[in-house]
Amino acid sequence: MNDSPGWATPGSPSDGEGSDGGRPPAQPADAPKWSASQPPPGQWSSPAAGQTPPPQQQGPGWGPNAPQPGQQPGSQPGGPYGGPYGGPYGGPYGGPYGHPGGAGGWGGPPPAAKPGVIPLRPLGLGEILDGAVSSLRGHWKTVLSVSLVVAVLVQLGLLGVQRLMRDSLVVSTEQPRTPGELATLMDDTMVAAYANYYLQLLGLLLVTGLLAGVVSRAVLGQSSTVAAHLRSVRPLAPRMLGLTAVLFLGALAAGFLPVLPGLLTGNAFLTILGVPVGLVLLAWFFVTFVLAPPALMMERGKVTDALRRSAKLVKGSWWRIGGISALTWAITWLTSMIIAVPFAAIAMFVSPGSFSDILDGTAAQSWSFLLVTAIGGLIALTVTMPMQTGVTSLLYIDQRIRREALDLELARAAGVPDHGYNVDHGTVPPRPGGAGPASGG
């Protein structure tokens, strides 16, 4: 007898539970003599409150379901394998393998365990975004403490770039510029935009590595303090800094090399032609290795191992991960604009100079303007970087759940009982002998 749900009759022992080597106890001598042809065992599960269970149908050879003249037993309508119970494998009310509660059952599949911010199964877009926000909200002290320090460093770098290029970004309104001066202005503007992007990317990589452990604990429903988190991160700090440097230099090469000939020669056409090529290379590089920081911090391997793990997990899901990352970037960019625009408006009023100074960019180079806008940028980075970090870390966990059944390991770590094979969500059962799925680390 199979001990799968829905096969054993309630009240009778399943395989391995009998007193005689797994066989059910013998019937007494005066027990009624039952026919060897018995109807199939009933399917037993508790209907939801207020729901009437469907009527029990009879097996082959009983009542109206008996085979008709000229009809072979086991060929009655209702199931291709000899039962009137329907379903491809004889399950009357259950899923594709006959277990109660599956697809088409009374109550549907049981929900996945959710010890923390996400359910332990493959995630959808909404669950990833909600999990990232929940991680930020549930561990806000640790998250904001780390992101604030990194945001201050990034904003200081941006402030230095703005002051360094103050003269080259001023547009004169008194006399027109020559084509050469316009080309130089365009190149300087592009360099300033690239510097702004890469400084924020550097901060994002650092925050992703530093907060990956916080997200993993949020998935398990565990609390996190600033001191305990820093103690756990400290041994991996050299490797995290090394990975950040490798990713930063790689992204720098992917974005700058295509436009470098135009910048060196002052040829505006070559510069414009290299921009889309650089953007494509940068997008490929970023998406391919976006999971490297959480892979390093959660698997605690080497820098090269983290890079290989990211490329392996992203392979076959590049467009999905790239699309979610792009959507997250759009959401965080919009959030940054909502935060920064009021500060920019205030900076316009407090900065010295006339309206013409605002138009030609002179007012934007004053210290009062830079400091007020820097405060707005600092707040925006502090809030938005953890959002992107949470999405990246959850994408890493989601990819491992889909490919390596990491949900089983997470369930064991969170102390969730009976979290095993689920047909509907595509997770795989544990290996024979109690071994868990491959961690890949």
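The values are calculated or read from the model by the stated rules, or taken from the named source; none is laboratory data. What you are looking at is a predicted structure, and each value in this text was computed from that prediction instead of being measured. Cβ coordinates were reconstructed from backbone atoms using ideal geometry, including for glycine residues, and neighbour counts include every protein chain displayed.
A quick yes/no check of all residues on (1) under 16 Å from Ser336 (Cβ atoms); (2) modelled with pLDDT of 95 or more:
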position	(1), (2)
Val383	yes, no
Thr392	no, yes
Tyr421	no, no
Pro429	no, no
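Would you check which residues across segment 91-150 are at pLDDT 90 or above, hydrophobic (A, V, I, L, M, F, W, C) and not in a loop (DSSP other than H, G, I, E, B) and list them? The answer is Leu125, Ile128, Leu129, Ala132, Val133, Trp140, Val143, Leu144, Val146, Leu148, Val149, Val150. Filtering segment 308-354 to residues that are among the charged types (D, E, K, R) and loosely packed, with under 14 Cβ neighbours inside 10 Å leaves only Lys315.
Could you list, in sequence order, the residues of segment 260-298 that are more than 16 Å from the chain's Cα centre (by Cα) and hydroxyl-bearing (Ser, Thr, Tyr)? Those that are more than 16 Å from the chain's Cα centre (by Cα) and hydroxyl-bearing (Ser, Thr, Tyr): Thr265, Thr271.
The requirement of being part of a helix (DSSP H, G or I), within 30 Å of Met165 (Cβ to Cβ) and either among the polar types (S, T, N, Q) or at pLDDT 95 or above (or both) is fulfilled somewhere in segment 344-356, by at least one residue. Screening Gly301, Gly316 for residues that are on the phi > 0 side of the Ramachandran plot and modelled with pLDDT under 95 leaves exactly one candidate, Gly316. As a summary of the residue check, Arg308 satisfies the conditions (1) free of Cβ contacts under 8 Å to residues at least 12 places away in the same chain; (2) under 13 Å from Met240 (Cβ atoms) except for the one numbered (2).
Out of Ala237, Ala253, Ala228, Ala245, one residue alone is surrounded by 14 or more Cβ atoms within 10 Å (Cβ to Cβ) and either aliphatic (A, V, I, L, M) or under 29 Å from Asn196 (Cβ atoms) (or both). It is Ala253. Assess whether Trp319 counts as being of a type in the set (A, V, I, L, M, F, W, C) and either more than 16 Å from the chain's Cα centre (by Cα) or not in a helix (DSSP H, G or I) (or both). So Trp319 does not fit the description; no. Among the residues here, Ala212 does not qualify as more than 23 Å from the chain's Cα centre (by Cα) and hydrophobic (A, V, I, L, M, F, W, C). Within the option set Pro77, Pro64, Pro84, being in contact with a helix residue (DSSP H, G or I) (Cβ under 6 Å, 6 or more places away or on another chain) and at pLDDT below 50 holds for one residue only, Pro84. A Cβ distance below 6 Å, combined with a sequence gap of six or more or placement on separate chains, defines the contacts here; from segment 395-408, residues that are farther than 16 Å from Gly213 by Cα reach residues that are among the β-branched types (Val, Ile, Thr) in the pairs Ala405/Thr427; Ala405/Val428; Asp407/Ile401; Asp407/Thr427. When segment 381-400 is limited to residues that are buried (at least 23 other Cβ atoms within 10 Å of the Cβ) and of a type in the set (A, V, I, L, M), the one that is farthest from Ala218 (Cα to Cα) turns out to be Leu381.
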